[in-house]
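Report on one structure; see the data block that follows.
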Amino acid sequence: MPVRPRADQVAKFVDVALTGGAFAAMRAGKPFSLSAFRLVSQVRHRFGVPATVLDVGANKGQFSRAAATAFPGARIIAFEPLEAVAAEWREHLADVASAEIHVCALGANDGTVAFHPHEYSLSSSVLPLASGAGNEGGDGAGERAPVDVPVRRLDDVVTLDDLRAPLLAKLDVQGYELEVLRGATATLRHIDALVVELAFERHYEGQPLFTEVLDHLGDHGFALDVPIDVRRDEGGTVVEMDGLFLPAP
């Protein structure tokens with residue numbers, strides 16, 4: 001598992017401390033993620049408070065919970081392709097009336113796609129792990145047999161009626177970011193802030209690297225505002241980061 005130096009962890013705790021209700025969420029454990037609270041804290045500081053949040057790659061609700069805490073009253077529209085994991089999301093967000101989840105992957109075309117579950121569910125992806133890629137979940141974690149899941153274009157799932165501004169979108173789809181963005185061309189025109197996981201090394205087969213995603217978003221009018229959270233390898237080298245993108249001036 002990548003090493004996170006003390007300074008990275010301190011920054012996360014500071015952001016939690018600055019987010020109202022975060023410590024109550026930590027105690028409740030519904031679920032709680034330091035990284036997710038760092039993301040929403042930085043979004044609030046750099047951008048403001050969204051009225052609508054698209055949580056693409058929702059997993060068990062870590063980011064949805066942080067968003068519901070930091071942005072009370074915001075509508076949260078989440079996407080998670082695995083029904084068993086989505087069921088945990090529903091349990092964890094049952095107290096948030098303005099949150100909903102769609103059980104599907106997002107991509108460039110509607111249909112079905114082979115999805116690769118992982119013992120460590122945050123590593124699950126449409127893409128198979130690259131040869132030699134490490135396991136974030138630790139010893140014993142690994143890929144399970146692929147399963148077919150529905151895949152939809154974001155533009156076909158949400159409508160302008162769903163997208164009350166300001167609109168924040170978060171993409172954490174383990175290497176499938178460009179495919180999601182290719183199916184969201186119309187929606188992108190209405191997004192006011194975008195958080196995307198960016199990789200400097202390929203952990204999945206065919207995964208786009210930092211510059212590819214940066215160029216694609218630049219072509220659609222977005223510029224990188226600030227890196228928010230980073231993940232390092234055992235030597236301390238940054239291998240992934242979450243970046244906040246805003247419409248270019």
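The values are calculated or read from the model by the stated rules, or taken from the named source; none is laboratory data. Model, not experiment: these values are computed from the prediction. With ideal geometry, Cβ positions are generated from the backbone for all residues, glycine too; neighbour counts draw on all protein chains shown. Each accessible area value is taken on the protein alone, full model and side chains, heavy atoms only, with ligands, DNA and RNA left out. Shrake-Rupley method; radii C 1.70, N 1.55, O 1.52, S 1.80 Å.
Which residues, counting only those in region 197-227, are part of a loop (DSSP other than H, G, I, E, B) and on the phi < 0 side of the Ramachandran plot? Give the steps one after another, and end with the answer.
Start the filter on region 197-227 by keeping residues that are part of a loop (DSSP other than H, G, I, E, B), which leaves 200-203, 205-209, 220-221.
Answer for region 197-227, where residues must be part of a loop (DSSP other than H, G, I, E, B) and on the phi < 0 side of the Ramachandran plot: F200, E201, R202, H203, E205, Q207, P208, L209, H220.
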* Would region 134-148 turn up any residue that is out of contact with any Pro (no Cβ under 9 Å at 6 or more places or on another chain) and buried (at least 21 other Cβ atoms within 10 Å of the Cβ)? -> no
* Asked: Within region 88-99, restricting attention to residues that are surrounded by fewer than 19 Cβ atoms within 10 Å (Cβ to Cβ) and within 18 Å of the chain's Cα centre (by Cα), which residue is nearest to F115 (Cα to Cα)?
  -> E88
* Find the residue count for region 62-80, including only residues that are open to solvent by 10 Å² or more (accessible area, probe 1.4 Å) and among the small types (G, A, S). => 2
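Go through V180, V195 for me and flag whichever is crowded, with 16+ Cβ neighbours inside 10 Å, in contact with an Asp or Glu (Cβ under 8 Å, 6 or more places away or on another chain) and not basic (K, R). Talk me through it step by step, then tell me what you get.
On the way: V180 fails: in contact with an Asp or Glu (Cβ under 8 Å, 6 or more places away or on another chain).
The unique qualifying residue is V195.
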* **Selected residue [outside any loop (DSSP other than H, G, I, E, B) and modelled with pLDDT under 95] from V149, V230** => V230
* **Selected residue (only one of N59, N109 is open to solvent by 60 Å² or more (accessible area, probe 1.4 Å), under 20 Å from K170 (Cα atoms) and at pLDDT 90 or above)** => N109
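If a residue must be surrounded by 15 or more Cβ atoms within 10 Å (Cβ to Cβ) and free of Cβ contacts under 8 Å to residues at least 60 places away in the same chain, how many such residues does region 161-177 contain? Working first, answer last.
Here is the first cut: in region 161-177, the ones surrounded by 15 or more Cβ atoms within 10 Å (Cβ to Cβ) are 162-163, 166-177.
Subsequent filtering for residues that are free of Cβ contacts under 8 Å to residues at least 60 places away in the same chain retains 175, 177.
So the answer is 2.
Considering every residue within region 23-30, establish whether at least one is at pLDDT 90 or above, surrounded by fewer than 24 Cβ atoms within 10 Å (Cβ to Cβ) and either assigned to a helix (DSSP H, G or I) or under 17 Å from the mean Cα position of the chain (by Cα) (or both).
Within region 23-30, the subset at pLDDT 90 or above is none.
No, because not a single residue in region 23-30 is at pLDDT 90 or above, surrounded by fewer than 24 Cβ atoms within 10 Å (Cβ to Cβ) and either assigned to a helix (DSSP H, G or I) or under 17 Å from the mean Cα position of the chain (by Cα) (or both).
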* Asked: Does any residue of region 204-222 turn out to be more than 19 Å from S35 (Cβ to Cβ), of a type in the set (D, E, K, R) and open to solvent by less than 50 Å² (accessible area, probe 1.4 Å)?
  -> no
